[in-house]
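The values are calculated or read from the model by the stated rules, or taken from the named source; none is laboratory data. Owing to the predicted nature of the structure, the values given are computational and were not obtained by experimental measurement. Virtual Cβ from ideal backbone geometry, glycine too; neighbours counted across all protein chains shown.
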Amino acid sequence: MAVWDDIFSGEDKEVYERAGYARKMGFGKKPGLLIVDITYPFVGEKKPVLESVKRFPQSAGEYGWKAVENVAKLLPIARSKKLPIFYVDRQYNRVIRKFSQDSAEAPEMGQKERGHNIVKEIAPIKGEVIIYKEGASAFFGTNLMSLLNPLGLDTLLICGGTTSGCVRSTVVDAAQYSFYVGIIADCCYDRIQLSHKASLFDMNRYGDVISLEEALEYISAV
């Protein structure tokens, strides 16, 4: 059963299948992992989303933290297979200014002393790269392609938040740069669940929406 099955009618699903969007595109032999905006301002507090948004208006609360847990399961396998791992964060100064106007800073924001807001449970280690962006896509106005090209990657596994925003923009750009794209549904999050499911449905035409289990199976076989 697909993540989006409960929000689309039988007609929508049939149109989707006849258009060819339900087919699997598959992956290449040299993948990298791209973790988009799993940061304290957007994940928020470990509470139901309606509680989390009281302090962090653009956060996802429990939905964000579930994605954090799944990415934490993914990272050890990716690192053991020496996959190139890239993190994406919003431009540091702009993020702090924006969120300091909207809400109080969480205690965990001490992470910003290291120049980023990435959640510590899945934070980068030595040798892993942080891409700073000012727009939605990890590719827009950044040097990401100049880092990916020399590595000869043919596949990008993408996770993070929000599914309907920065993840979606990044997935579309990755496909347009001719990468095979895997969207790991269990490792993506959104503050609005309708947006989360509908965006996964739409992104499946640009790549393959897969589960954490499928991602781990693919990485293990690389």
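Annotations for the structure displayed:
- Region 148-162: number of residues that are in contact (Cβ under 8 Å) with a residue 60 or more places away in the chain and surrounded by fewer than 24 Cβ atoms within 10 Å (Cβ to Cβ): 6
- Region 29-42: number of residues that are outside any strand (DSSP E or B) and in contact with a strand residue (DSSP E or B) (Cβ under 7 Å, 6 or more places away or on another chain): 4
- Picking from residues in region 117-152 that are of a type in the set (S, T, Y) and under 15 Å from the mean Cα position of the chain (by Cα), the one that is nearest to P41 (Cα to Cα) is Y132.
- Condition check for A19: at pLDDT below 90, closer than 23 Å to F179 by Cβ and surrounded by 14 or more Cβ atoms within 10 Å (Cβ to Cβ): no
- Any hit, region 162-177, residues being assigned to a loop (DSSP other than H, G, I, E, B) and closer than 30 Å to V15 by Cβ: yes
- Members of region 178-214 found to be among the aliphatic types (A, V, I, L, M) and part of a helix (DSSP H, G or I), listed by number: L194, A198, L200, M203, L212
- Counting only residues that are assigned to a loop (DSSP other than H, G, I, E, B), at pLDDT below 95 and either among the polar types (S, T, N, Q) or over 16 Å from A78 (Cβ atoms) (or both), region 120-138 holds 3 of them.
- Any hit, region 60-75, residues being among the basic types (K, R) and modelled with pLDDT under 95: no
- Yes/no for L83 being closer than 26 Å to A136 by Cα, assigned to a helix (DSSP H, G or I) and modelled with pLDDT of 95 or more: no
- Inside region 45-70, residues that are assigned to a loop (DSSP other than H, G, I, E, B) and either surrounded by fewer than 16 Cβ atoms within 10 Å (Cβ to Cβ) or free of Cβ contacts under 8 Å to residues at least 60 places away in the same chain (or both) make up a count of 5.
- All positions within region 1-41 that are of a type outside the set (A, V, I, L, M), within 30 Å of N149 (Cβ to Cβ) and either touching an Asp or Glu at 6+ places or on another chain (Cβ under 8 Å) or touching a residue at least 60 places away in the same chain (Cβ under 8 Å) (or both): Y21, K24, G26, F27, G28, K29, K30, P31, G32, D37, T39
- Some residue of region 89-106 being under 16 Å from I158 (Cα atoms), surrounded by 14 or more Cβ atoms within 10 Å (Cβ to Cβ) and at pLDDT 95 or above: no
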